[in-house]
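A quick write-up on the structure given underneath.
Just so it is clear, none of the values below were taken in a lab; they were calculated from the coordinates. For clarity, every value in this text was computed on a predicted model and none was experimentally measured. Backbone-built Cβ (ideal geometry, glycine too); neighbour counts: all protein chains shown.
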Amino acid sequence: MATRVGIGYDVHAFAEPAAGRPLIIGGVTIPHDRGLAGHSDADVLLHALVDALLGAAGLGDIGQHFPSSDPRWRDASSVTFLEAARDLLAARGWRVGNVDATVVAERPRLTPHVGAMRARIAATLEVEDERVSVKAKTTDGLGFSGRGEGVACYAVALIERD
């Protein structure tokens, strides 16, 4: 069996409240007064996972496949990007072994939503929930996330093929 590992990282600033954007993390809409700014839905968790999966397979990054310069991806659901990454891997004989991500946000508290995020990611990747780990962390007030300016995510993915 062959295995490969990829890492991903993403960060998005919060949009202005007047923008009316929902906060979507891990494919889940989370109650909050501001969403994240970005060309698509700015789902920081799914973007980091897509980069980790594509990187593990040697297929570049999310910007190569879904450039923000392309109007087709304006306000697109990042679940679409994760599905596409899954399909690109499958076309090359790869399957997801597991994914692990850490979302860094001071507010809102994300821990109550982690179960729903894991379930959404697992369903999209077509793997068991136990192959998906999502953790929510704060920076105890330090840095841009600690000041409530945005959200970051770190992700790792293991892919396998026979």
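Odds and ends about this structure:
- Among Ile25, Ile121, the order by Cβ neighbours within 10 angstrom, fewest to most, reads Ile121, Ile25.
- Least to most buried among Leu54, Leu46 (fewest other Cβ within 10 Å first): Leu54, Leu46
- Restricting the GluC sites (Glu not before Pro) of segment 77-141 to loop positions (DSSP other than H, G, I, E, B) with no more than 10 neighbouring Cβ atoms within 10 Å leaves Glu128.
- Overall shape of segment 14-162 was characterised from the C-alpha gyration tensor. The equivalent ellipsoid obtained from it has semi-axes of 25, 18, 13 Å, in decreasing order.
- Shape of segment 71-115, Cα gyration tensor, a/c cut at 1.5: oblate
- Charge context of Arg120, other residues only, Cβ under 14 angstrom, K/R +1, D/E -1: -3
- For the chain, excluding the exposed loop sites themselves (trypsin sites (Lys or Arg not before Pro), DSSP loop, at most 13 other Cβ atoms within 10 Å), the longest remaining stretch covers 1-73.
- Compared with the direct C-alpha span, the chain from Thr139 to Asp33 gains 36.1 nm at full extension, assuming 0.36 nm per residue.
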